[in-house]
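**Student:** Can you read through this structure? Questions will come right after.
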Amino acid sequence: MRLKTALFTLILAGALASTASAQTSGPTPNPPAPAPRTQSDFYVPLYGVTAGIAIPVGRLADDHAAGYALGGVVEYAVSGQPYSLRGEALFQRFALKSGHTGDDSNVLSLGTTIVYRLQQSTAQTFVSGGIAIYNATKEGTRPGVNVGTGVEIPLTGFSAVAEARLHVMLADGRPLLTVPLTVGVRF
């Protein structure tokens, strides 16, 4: 009888143990979402597009109103480094103010920019500066420089970017100045 009681207790303990382990196991929880890419992997570029308002400054603002800006970027960065190199193209269009004679003005730039991230956190602020070749209506093709600042916010699978920059086209006489305020995405 003792053997039957011991055998029954052993079978009962085994059954309860397998039931308890079945309740704790089961399908694995969903894996966490992949971390968004705010910097490219080693030598793998990030691509992006931007759009926003372009504000004329200086002599361009005398005859032209605020317009729009459209752009595209390719950015190379090394993981873990605060700096990256960006190639970019930017088109800005400014409408002629009413009552003024002349034409609308277009400014196209193609250049390279160094981007330096100020903090390594979820929302990364950065400063940028670079050189470009500019082509403006009635101004021809000239060199120029740009400086700016912005913030990049990683989202699932891409990053949202907001940026303000000053573009200076070195033209004859007074330089041509524009300030594009853009938002964009990078993936």
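**Student:** Among what's in the stretch 173-187 and is assigned to a loop (DSSP other than H, G, I, E, B) and more than 19 Å from the chain's Cα centre (by Cα), pick the residue that is nearest to I133 (Cα to Cα).
**Tutor:** For the stretch 173-187, the residue satisfying everything is P175.
**Student:** Of all residues being free of Cβ contacts under 8 Å to residues at least 60 places away in the same chain and not in a strand (DSSP E or B) in the stretch 141-172, which is farthest from Q124 (Cα to Cα)? Just the residue, please.
**Tutor:** D172
One line per residue, one yes/no per condition, for (1) of a type in the set (S, T, Y); (2) modelled with pLDDT of 90 or more; (3) closer than 20 Å to V151 by Cβ:
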residue: L16; (1), (2), (3): no, no, no
residue: P29; (1), (2), (3): no, no, no
residue: V57; (1), (2), (3): no, yes, no
residue: E88; (1), (2), (3): no, yes, yes
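**Student:** From the set of residues in the stretch 103-115 that are free of Cβ contacts under 8 Å to residues at least 40 places away in the same chain and crowded, with 16+ Cβ neighbours inside 10 Å, which is farthest from A160 (Cα to Cα)?
**Tutor:** Among those that are free of Cβ contacts under 8 Å to residues at least 40 places away in the same chain and crowded, with 16+ Cβ neighbours inside 10 Å, it is L108.
**Student:** Also, quick follow-up: Do you know which residues across the stretch 33-55 are among the hydrophobic types (A, V, I, L, M, F, W, C), modelled with pLDDT of 95 or more and crowded, with 17+ Cβ neighbours inside 10 Å?
**Tutor:** Let us first name the residues in the stretch 33-55 that are among the hydrophobic types (A, V, I, L, M, F, W, C), namely 33, 35, 42, 44, 46, 49, 51, 53-55.
From the residues that got through so far, the ones that are modelled with pLDDT of 95 or more too are 49, 51, 53-55.
The answer is A54, I55.
**Student:** For Y134, are the conditions met, namely being within 22 Å of V44 (Cα to Cα) and aromatic (F, W, Y)? Break it down into steps so the answer makes sense when it comes.
**Tutor:** Values: within 22 Å of V44 (Cα to Cα): no; aromatic (F, W, Y): yes.
Criteria not met by Y134.
**Student:** Which of the residues spanning the stretch 116-142 are surrounded by 13 or more Cβ atoms within 10 Å (Cβ to Cβ) and within 13 Å of A171 (Cβ to Cβ)?
**Tutor:** If the condition is that a residue be surrounded by 13 or more Cβ atoms within 10 Å (Cβ to Cβ) and within 13 Å of A171 (Cβ to Cβ), then I133, Y134, N135, A136, T137, E139, R142 are the ones that fit.
The values are calculated or read from the model by the stated rules, or taken from the named source; none is laboratory data. Computed from a predicted model, the values in this text were never measured in an experiment. A quick note on method: Cβ atoms are made from the backbone with ideal geometry, for glycine too, and the neighbour counts reach across all protein chains shown.
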